[in-house]
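The structure appears right after this line, and notes come after that.
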Amino acid sequence: MFSKILIANRGEIAVRIIRTAKRLGIATVQVFSDADAASLAVEMADESVGIGPPPPGQSYLQIDRIVAAAKRTGAEAVHPGYGFLSERAEFARALAAEGIAFIGPNPRAIEAMGDKIESKRFAAEAGVSTVPGFPDVIAGVAHAVSIAERIGYPVMIKASAGGGGKGMRIAWTRREVEEGFPAAEAEAISSFGDGRIFIEKFIASPRHIEIQVLGDRHGNLVHLNERECSIQRRNQKVIEEAPSPFLDEATRAAMGAQAIALARAVDYDSAGTVEFIVDGERNFYFLEMNTRLQVEHPVTELTTGVDLVEQMIRVAAGERLALRQADLAPRGWAVESRVYAEDPYRGFVPSIGRLVRYRAPEGPAIRNDTGVREGDEISMFYDPMIAKLCTRGDTRAAAVEAMAEALDGFLIEGLRHNIPFLSAIMDQPRFREGRLSTAYIAEEFPEGFHGLPPTGRQLDLMTAAAVFMHRLQAARRANGNGVREDWVVVAGPAKRAIRAKADGGALDIALEGEGRVLRLDRVDWRPGQALFSGRLDGQGFTCQVAPAAEGFMVRCRAAAARVLVLTPRSAELHERLPVRQPADTSRLIVSPMPGLVVSIAAEPGREVKAGETVAVVEAMKMQNLIRAERDGVVRRVGPKPGDSVAADEVLVELV
């Protein structure tokens, strides 16, 4: 066994690797860019080495610097995590040349399977069913258009060295190929240092199901069942689970056998993932093989009891697998939600800033993999993931409900995040029934995500929480003179006359006109706290709250509302207030996120059409096309290519 390893990655996966290494008694070395000098991973590691400026191309993708750091610190092996250099055969060879072990597969397997173009050829030669496409590098935009029209739309534009949704675009028209190809190429160069792109047929509404494989250097191979990864946005996985609610035993066995056969053909000797797309008849097609640890590996660990990072380390040290296929049947269910720094209400644009408050939920059914702490900053240079929240249950229903409750108790303040969106999915009947596909988000939220209106139960929760908090404040102001009982609660368009009365340790809230009484007890909240927990009518709940004029902002799952607690007279006056009309900003084309301006395709006097791309802004390794919302003539252009912009900064003004 190694005595010291270096982690050539950052964020939550670096923390994840360090935790296992510590348990095994292995010392750790953490490399870091200037942006990560004060990160949790650096704090946890036994040693740390700076490797350059924040952009990955100047730090985490610098093979020479990482190899030098391993040599200087005496690390015997390097774990690459995922992304960055994890699927670069030259990195593994550079380490081997210095007598340093690579905690991953052999370079031949990386080259055969890690490259998306070569893996398609290899799989076809091995008799594995693959998706129709052009199995070679695309030479440019014109070539991409000709290939796309030969295959037939829609097509998938995909980085050969890609992963994690980077360097991927779906194109339904010639124009989308012309715009998507250079964007995908630029993302691929930025994220992987490799701009090769290929194109294949996009199969609409399939499921994305993958098989986890694990091999050693003595010819032993097992698979650890499947993961369902169909809930995706922009080809980036959002929610994963294990096992899949769709597979039967026969299909699971067939996919597992095919994954092992493919791995055996390349002498695979580490953790890896064979990805498939599966149609409605359970026909499956090889998509690609990721020759590394996957982001979603925790759900496999939770349903098998196997620490995949530990197994990778042991295999790299030359040990034999101690696992038998017969012992790896899935036990229970696990769900993973990727918590991102992004604004779901504004098209999921990245959000950067400081985590002013960060409180992750805890409990026996919860696992939270994260690389941040309260006070840390989410920067524009890296993936916007904040955490991977996982829950486990004996059944799928139990795991999903545990996830919904855990999301309720996940507190993040200081930047935008996607927790309301994740909560919305957990509550959807279609998701609860397991009717999934890669088109799920587009089909369920065709106009984007704008929150959900409160259900009847959620309106009761908002009312009860707001009334309790308001009464507590009113009691302090009353100085023992008693608190009035009659109030009017306004939550969005809903208006309710209520009468609230304390009964021992409980609060009874009579809903006048509805003939019901809400009973709130077991409250856990004090002024200043952002989480309000309690029991309403015998059922526990948690809401997120914040003070607002005459009331509170309250969020329950995906529903949020400003809840006012007014006297009857104040309620009458409130109704007479004029409704403010929003200002017309359609003539302003703004950057929806902070980032770096890559290009501006506009100049004063030029005419633009609605839907036309006028700028490209890069943030968190993704290139975002900024389009005009209406026809117009350019009056003024703000920033230049290479400039940094803030969220809502005007890029182009139209007349």
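The values are calculated or read from the model by the stated rules, or taken from the named source; none is laboratory data. Computed from a predicted structure; not experimentally measured. Neighbour counts run over all protein chains shown; Cβ positions are idealised from the backbone, glycine included. Heads up: the accessible areas ignore ligands, DNA and RNA and are worked out on the full protein's heavy atoms, side chains in. Shrake-Rupley method; radii C 1.70, N 1.55, O 1.52, S 1.80 Å.
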statement: Note: among L436, L459, just one is under 30 Å from V400 (Cα atoms), under 28 Å from the mean Cα position of the chain (by Cα) and in contact (Cβ under 8 Å) with a residue 24 or more places away in the chain, namely L436
field: Pairs with Cβ under 7 Å, 6+ apart, first in the stretch 387-416 and on the phi > 0 side of the Ramachandran plot, second open to solvent by less than 50 Å² (accessible area, probe 1.4 Å)
entry: G414/G353; G414/L355
- request: Scan the stretch 491-527 for residues that are surrounded by 14 or more Cβ atoms within 10 Å (Cβ to Cβ), assigned to a loop (DSSP other than H, G, I, E, B) and at pLDDT below 90 and report the count.
  value: 1
- prompt: Restricting the search to the stretch 141-169, which residues are modelled with pLDDT of 80 or more, open to solvent by less than 50 Å² (accessible area, probe 1.4 Å), touching a Phe, Trp or Tyr at 6+ places or on another chain (Cβ under 8 Å) and in a loop (DSSP other than H, G, I, E, B)?
  reply: P154
message: Give all pairs with beta carbons closer than 7 Å in which a residue from the stretch 303-316 that is under 16 Å from E76 (Cα atoms) and of a type in the set (D, E) meets a residue that is surrounded by fewer than 19 Cβ atoms within 10 Å (Cβ to Cβ) and at pLDDT below 95; count only pairs at least 6 apart in sequence or on separate chains.
response: none
query: Restricting attention to the stretch 92-106, which residues are assigned to a loop (DSSP other than H, G, I, E, B) and open to solvent by less than 60 Å² (accessible area, probe 1.4 Å)?
result: I100, I103, G104, P105, N106
task: Return yes when S129 is in contact (Cβ under 8 Å) with a residue 12 or more places away in the chain and open to solvent by less than 30 Å² (accessible area, probe 1.4 Å) and no when it is not.
output: no
- prompt: Within the stretch 360-400, can you find the residues that are open to solvent by 50 Å² or more (accessible area, probe 1.4 Å), at pLDDT 95 or above and either among the hydrophobic types (A, V, I, L, M, F, W, C) or touching an Asp or Glu at 6+ places or on another chain (Cβ under 8 Å) (or both)?
  reply: A397
- line: Of the residues in the stretch 631-641 that are open to solvent by 50 Å² or more (accessible area, probe 1.4 Å) and outside any strand (DSSP E or B), the one that is nearest to G605 (Cα to Cα) is D631
- prompt: Which residues, taken from the stretch 528-563, are in contact with a Lys or Arg (Cβ under 7 Å, 6 or more places away or on another chain) and open to solvent by 20 Å² or more (accessible area, probe 1.4 Å)?
  reply: R535, D537, Q544, A548, M553
- prompt: In this structure, is G451 open to solvent by 10 Å² or more (accessible area, probe 1.4 Å), within 26 Å of M593 (Cα to Cα) and not hydrophobic (A, V, I, L, M, F, W, C)?
  reply: yes
- prompt: Across the stretch 296-316, which residue is surrounded by the fewest Cβ atoms within 10 Å (Cβ to Cβ) among those that are in contact with a strand residue (DSSP E or B) (Cβ under 7 Å, 6 or more places away or on another chain) and in a loop (DSSP other than H, G, I, E, B)?
  reply: V306
query: Say we look at the stretch 406-444 and pick out the residues that are among the basic types (K, R) and within 19 Å of R227 (Cβ to Cβ); which of these is surrounded by the fewest Cβ atoms within 10 Å (Cβ to Cβ)?
result: R435
- request: Grab the strands (runs of 3 or more DSSP E) fully contained in the stretch 322-387, keeping just those with 1 or more residues being among the acidic types (D, E).
  value: 333-340, 366-370
- request: Would you point out which residue out of G52, G81 is assigned to a loop (DSSP other than H, G, I, E, B) and over 17 Å from M312 (Cβ atoms)?
  value: G52
task: Output the residues belonging to the stretch 644-653 that are within 19 Å of S190 (Cβ to Cβ) and open to solvent by 50 Å² or more (accessible area, probe 1.4 Å).
output: S644
- request: Mind telling me which of the residues A35, A41 ends up being in contact (Cβ under 8 Å) with a residue 60 or more places away in the chain, more than 20 Å from A317 (Cα to Cα) and open to solvent by less than 20 Å² (accessible area, probe 1.4 Å)?
  value: A41
query: Could you say whether any residue in the stretch 474-482 is part of a loop (DSSP other than H, G, I, E, B), among the basic types (K, R), open to solvent by 40 Å² or more (accessible area, probe 1.4 Å) and more than 22 Å from S230 (Cα to Cα)?
result: no
message: Take the residues in the stretch 238-273 that are among the polar types (S, T, N, Q) and within 23 Å of M312 (Cβ to Cβ); name whichever of them is modelled with the lowest pLDDT.
response: Q258
task: Looking at (1) modelled with pLDDT of 95 or more; (2) of a type outside the set (D, E, K, R); (3) in contact with a Ser or Thr (Cβ under 9 Å, 6 or more places away or on another chain), find the lone condition where F421 falls short.
output: (3)
- line: Picking from S190, S205, the residue that is open to solvent by 20 Å² or more (accessible area, probe 1.4 Å) and not in a helix (DSSP H, G or I) would be S205
- prompt: Within the stretch 107-114, is even one residue more than 30 Å from S379 (Cβ to Cβ) and open to solvent by less than 10 Å² (accessible area, probe 1.4 Å)?
  reply: yes
